[in-house]
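Novice: Questions regarding the structure given below will be posed in turn.
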Amino acid sequence: MDVVVIPDHRAPVVTHMVWYRNGSADDPRGKSGIAHFLEHLMFKGTQNHQQGEFSHLVSELGGQENAFTSYDFTAYFQRVAREHLGVMMEFEADRMTGLNLTDEVVAPEREVVMEERRMRTEADPAAQLDEALNAALFTHHSYGVPIIGWGHEIETLDRNDALAYYRRFYTPENAILVVAGDIETPEVEILARQTYGKIPARGEAPVRHRPREPEPRAERIVKLADAKVEQPQFERIYLVPSARTAEKGEAEALDVLAHHLGGGQTSLLFRRLVLERKIAVSAGAYYYADAVDESRFYVYALPAEGVSLDELERGLDDVLDELRRDGVSREDVDRAATRLVADAVYAQDNQTSLARWFGAALANGGTVEDVLGWSARIEAVTVDDVAKAVKWLQKRRAVSGFLLKDEAAA
Amino acid sequence: MNAPAQAVSRAERVQHVVSPGGISAWLVEDYAVPLVAMEFSFAGGAAQDPKGKAGSGALLAALLDEGAGELPAEAFHRALDDHAIRLSFSAERDEFYGHLQTLARHSDKAFELMALALNAPRFDAEPLERVRRQLNAVLKRESRDPDSMAAQAWRRAAWPNHPYARSSRGELGEIESVTRDDLVALRGKMLARDTLKVAAVGAIDAPTLARHLDALFAGLPEKAALAPVPHIDVQALGRRIVVDYDVPQANIRFGRPGIARRDPDYIPAMVVNHILGGGAFTSRLWQEVREKRGLTYSVYSSLATADHSPCFIGSTSTKNERAAESLSVIEAEFVRLAAEGPTADELEKAKKYIVGSYALRFDTSTKIAGHLLQLQREGFGADYLDRRNSEVEAVTLEDARRVAKRLIGDAKLLVAIVGRPEGVSEQSAA
């Protein structure tokens, strides 16, 4: 088990997180949603502690808790007064191997997850389009499957699926402990030995089997028309390297590019489409660097009244053409870097954000040094690096999505 | 600020800063992180939106940083960006807020830009039309979002012909009619020194803050000219509204009158709410609706301290086929809590949570500033920071039972449902 300690003595509280290096992208074929479903079931009690005991204890101690599942990791956390860290570690270590599941608790929880899916996706055309875009972008890799799973497969998940997945991945070798807050490393080490240290090692960490996405060749277009759409939207996702798969400096250049192209009101997309041509009400770009395998670069725009999505897409392509033709200036790069590096300073104000940053980096195969060196690497990005990064933004690497009002059904 | 209450007083870390121009603020000086956070508010908020012009406050909030002084919108944003300054404004139901976060080394620039935004906003035609279109896009999206639709149906039935019936983000069709003159007038009436509250946290000392306070606020009018907002109780208790919408889940919003923040029963009411539906993972609603029956992903209740109509509201969403069951389980929990009150064990655990979790509000500069601002708005002194937990601890079982009865009363709820709930029909107010 890897251990990261982030001292922050401003408040007498700690954030305790355990990360597992497995997420929805590790769901077995046909069992989509099992990583997320297991995350829910981890609150159902163990051989030593009955259902609800841990949650009631956290609550009684004035703590907060939750868990989250992503493509590449699953994490559990509590925020408590510093003196309760030991007992949190005791309970968290207990459920690393002692989970006790009965059909009586599994069945209603599967209904809860189905309701979660209904709430997040089934009533929201924009969320449905996002699912379709990802499914089209990743033709082979399981990033194309929603984290929560496909509804028809969630319905079939049972206790045995959950336990099989649990036994495969919930091991000390696969876990990362992150503690941020009013504490120092030696104390965490002692507590960790007394709790997680007692769990027998399995010998080696589980291996993730991730098929690589083939080199994309065909531009793809996905359209969703629904009577519930009042505000149409255009979006496009490109398949690009992640911080893990990128060449040295490439992910940082993509970070700078995303900020220059679509980070807020001074970005190129916003200026061209919203301020100057007035064909969009908003526009922006994001880059998801944190992934084990090849990742996503996302651009979007919302059309102004009376502007078709086709016209908006042409406008967006004009901006990308301009970027390819004229490149970026040193000033553009410096501006973006200033903002990105400042975000890292702002993150220092929040122990939970810091814990998440380190946890995600380690879960994805990075190191503490990678995180600590991020600002310096961003500041080292050159104009040429960004120009090279722009080359990833080719239509053959992308899926374009159109969210439209279904006029016939309305 | 942050050491355990029993060891070091939180209140003692709060400095009361008064500028030469008479502007006062609460300050917690802390140099651990090179940042400064400031939160401030003026009374009024979206409840001051003129009739037929809902969204005026939201527009005003969005436009203050869209050009000020000599700087047109783009130049203003560029200046913020180049210094990585996070500045924004928002119009909530009863107050108009400002939020600032800056790196300590750019704090002079940050206060200078914020002073411009507050004192010399340009309200140029281009950003006004652009921001109006942006807000409209948000409202359009919300107009088809089941959760927003349920909130709207509930609001309109709870507070008919009252400013609270409108969304603080504005209403489609009304935001079009807000003019530049309206915004100038609203700013003149609402952004005034007499209702101003300010809290700052971080790497700044009192004399420096005092100097900035004058530049920021001393030029504003002395007195606000707010339109009176009448008190109104939540109406239509017992009524059930069903808004037909083709979605697989029924989105259910429920509520009744609550308890005002300065009411002596507020603290016991907070405890009662925690037991009924406030506590994630532990509350009765969570246990009965989610854990035992798998009816929903989310169910909660909360005390909303609206200035002119405190209310006790909650929400859930559940598949249409089981909406009737969800609703009856929720209603039964209201009835049971009013009749029997909480158990001694529930009371103890709720108090422990509320006392223990107070520390979690003090772990980031922005959260601390936000809480210090809230206390000022509610009329508390800084001493409340040290007093609050003992007030929670003092709640007795008798208090909790009495207040559960007062809060829940006859357990009649105003319910708004969006979806196609099976076996649930409209019902008029009792």
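Any read-out appearing in this document is the output of simple, stated calculations on the displayed coordinates, not a laboratory observation. Only a predicted model underlies this, so the values are computations on that prediction, with no experimental measurement involved. Cβ placement follows ideal geometry from the backbone for every residue including glycine, while neighbour counts extend to all protein chains displayed.
Novice: Comparing A:L224, A:L239, A:L362, which has the greatest mean-square fluctuation in the GNM of chain A with Cα pairs linked when under 10 Å apart?
Specialist: It is A:L224.
Novice: Using θ = phi - 60° and the Karplus form 6.51 cos²θ - 1.76 cosθ + 1.60, what ³J(HN,Hα) does each residue of region B:131-141 get, whole Hz, x for Gly and Pro?
Specialist: My calculation for region B:131-141 gives 5, 4, 5, 5, 5, 4, 4, 5, 5, 4, 5 Hz in order.
Novice: Using the Cα atoms of the protein assembly as shown, I'd like the radius of gyration and the largest Cα-Cα distance, Dmax, both in angstrom.
Specialist: When restricted to the Cα atoms of the protein assembly as shown, Rg and Dmax are 26.8, 75 Å.
Novice: Moving on. Each label point is 7 Å from the Cα along the Cα-to-Cβ direction; what then is the distance between the points at B:A225 and A:D384, in nm?
Specialist: Label-label distance for B:A225 and A:D384, simple model: 6.4 nm.
Novice: Right, next: When each pair of different Cα atoms in region A:15-63 is counted once in the 1/r mean, what is the Kirkwood radius in angstroms, to one decimal?
Specialist: Hydrodynamic radius (Kirkwood, Cα pairs) of region A:15-63 is 12.7 Å.
Novice: Lysines near B:K51 by alpha-carbon distance under 19 Å, same-chain residues fewer than 8 away left out - which ones?
Specialist: Within reach: B:K189.
Novice: Something else: Taking 0.36 nm per residue of separation and subtracting the Cα-Cα distance, what length does fully extending A:E331 through A:Q194 add?
Specialist: Between A:E331 and A:Q194, full extension yields an extra 44.0 nm.
Novice: Counting only other chains, what is the mean number of Cβ atoms within 10 angstrom of the Cβ of each residue in peptide B:35-41?
Specialist: The shielding value for this peptide is 1.
Novice: Out of residues 5 or more away from B:Y300 or on other chains, whose amide H comes under 5 Å of its own, with H placed 1.01 Å from N in the peptide plane?
Specialist: Here the answer is B:S315, since their amide H atoms fall under 5 Å of that of B:Y300.
Novice: Taking the alpha-carbon centroid of each part, what is the distance from region B:216-250 to region A:159-208 in angstrom?
Specialist: 48 Å
Novice: Rounded to the nearest 0.05, what FRET efficiency do A:K391 and A:R202 have when you use their Cβ-Cβ distance and R0 = 51 Å?
Specialist: The formula returns an efficiency of 0.75 here.
Novice: Moving to a separate point now. Note the angle between two axes, namely the Cα long axis of helix B:344-356 and the longest principal axis of the Cα atoms of chain B, as a number of degrees from 0 to 90, rounded to the nearest 10.
Specialist: The helix B:344-356 is inclined about 10 degrees to chain B.
Novice: Shifting gears a bit: Suppose only helical runs count, i.e. DSSP H with n ≥ 4. What mean residue ellipticity at 222 nm does that imply for chain B under -39500 (n - 2.57) per run, divided by all residues and rounded to the nearest 500 deg cm²/dmol?
Specialist: -11500 deg cm²/dmol
Novice: Counting helices only, and only those DSSP H runs with n ≥ 4, report the 222 nm mean residue ellipticity of chain A as the sum of -39,500 (n - 2.57) divided by its residues, in deg cm²/dmol to the nearest 500.
Specialist: -12000 deg cm²/dmol
Novice: Return an integer: the convex hull volume of the alpha-carbon atoms of region A:132-212, in Å³ per residue.
Specialist: Roughly 175 Å³ of hull volume per residue.
Novice: Could you give the distance between the Cα centres of region A:336-373 and region A:49-119, to the whole Å?
Specialist: First find each Cα centre; the distance between them is then 25 Å.
Novice: Apply 1/(1 + (r/R0)^6) to the Cβ-Cβ distance of A:E187 and A:N48, taking R0 = 22 Å, and write down the FRET efficiency to the nearest 0.05.
Specialist: It comes out at approximately 0.35.
Novice: Each residue of region A:254-259 in turn: what ³J(HN,Hα) in whole Hz from Karplus with 6.51, -1.76, 1.60 and θ = phi - 60°, glycine and Pro shown as x?
Specialist: Each residue of region A:254-259 in turn: 5, 4, 5, 4, 4, 5 Hz.
Novice: Amide H of B:L413 versus every other amide H placed in the peptide plane: which residues, excluding those fewer than 5 positions away on the same chain, fall under 5 Å?
Specialist: When sequence neighbours closer than 5 places are left aside, the close amide H contacts are B:G238.
Novice: Looking at the square roots a ≥ b ≥ c of the eigenvalues of the Cα gyration tensor of region A:216-353, which shape do they give, rounded for a/c under 1.5, prolate if a/b is larger than b/c, or oblate?
Specialist: prolate
Novice: Check cross-link reach from B:K197 to the aspartates and glutamates: straight Cα distance under 13 Å, and skip same-chain residues fewer than eight apart.
Specialist: Answer for B:K197, where 13 Å is the Cα cut-off: B:E39, B:E95, B:E378, listed by chain and number.
Novice: Quickly work out the A:R29-to-A:T102 label distance, labels modelled 7 Å from Cα along the C-beta direction, and quote it in nm with one decimal.
Specialist: About 3.7 nm separates the two model spin labels.
Novice: May I pose another question? Using the Kirkwood formula on the Cα atoms of chain B, what hydrodynamic radius do you get, in angstrom to one decimal?
Specialist: After inverting the mean inverse Cα-Cα distance, the result is 23.3 Å.
Novice: List every residue whose amide H lies under 5 Å from the amide H of B:V243, counting only residues 5 or more places away in sequence or on a different chain, with H placed 1.01 Å from N in the peptide plane.
Specialist: B:I417, B:V418, B:G419
Novice: Debye sum, Cα scatterers, chain A, no solvent: what log₁₀ I/I(0) at q = 0.15 1/Å?
Specialist: Result of the Debye calculation: -1.41.
Novice: Still on this structure, I have one more. Sorted by mean Cβ packing within 10 Å, highest first, what order do the peptides B:248-260, B:129-141 take?
Specialist: Taking the mean over residues of other Cβ atoms within 10 Å, the ranking is B:248-260, B:129-141.
Novice: My understanding is that a pair violates if its Cα-Cα distance is over 24 Å; which of A:K228/B:K292; B:K349/B:K405; A:K278/A:K388; A:K31/A:K198 do that in this structure?
Specialist: The answer is A:K228/B:K292; A:K278/A:K388; A:K31/A:K198.
Novice: Report the full-extension gain for the segment A:R159 to A:E407: residue separation times 0.36 nm, less the Cα-Cα distance, to one decimal in nm.
Specialist: So the chain would gain 84.9 nm between A:R159 and A:E407.
Novice: Find the Cα radius of gyration of region B:341-420, compare it with 2.2 N^0.38 Å by division, and give the number to two decimals.
Specialist: 1.44
Novice: Moving to a separate point now. Just to be sure I understand the model, the point goes 7 Å from the Cα along the line to the Cβ. What's the resulting B:S9 to A:R324 distance in nm?
Specialist: Each label point is offset 7 Å from its Cα along the Cβ direction, giving 6.8 nm.
Novice: Nearest 0.05, what FRET efficiency do B:D265 and B:E426 give at R0 = 30 Å with Cβ-Cβ as r?
Specialist: 0.35
Novice: Report the residue, chosen from B:S298, B:S167, B:S24, that carries the largest GNM mean-square fluctuation when chain B is represented by alpha-carbon nodes joined by springs under 10 Å.
Specialist: B:S298
Novice: Let me ask something else about it. List the aspartates and glutamates whose Cα lies under 19 Å from the Cα of B:K351, skipping any in the same chain that are fewer than 8 positions away.
Specialist: Partners found: A:E53, A:E60, A:E65, A:E83, B:D263, B:D265, B:E340, B:D386, B:E391, B:E393, B:E398, B:D399.
Novice: On full extension of the chain, what length is gained from A:R120 through A:N66, given 0.36 nm per residue of separation minus the C-alpha to C-alpha distance?
Specialist: Here the segment from A:R120 to A:N66 would lengthen by 17.6 nm.
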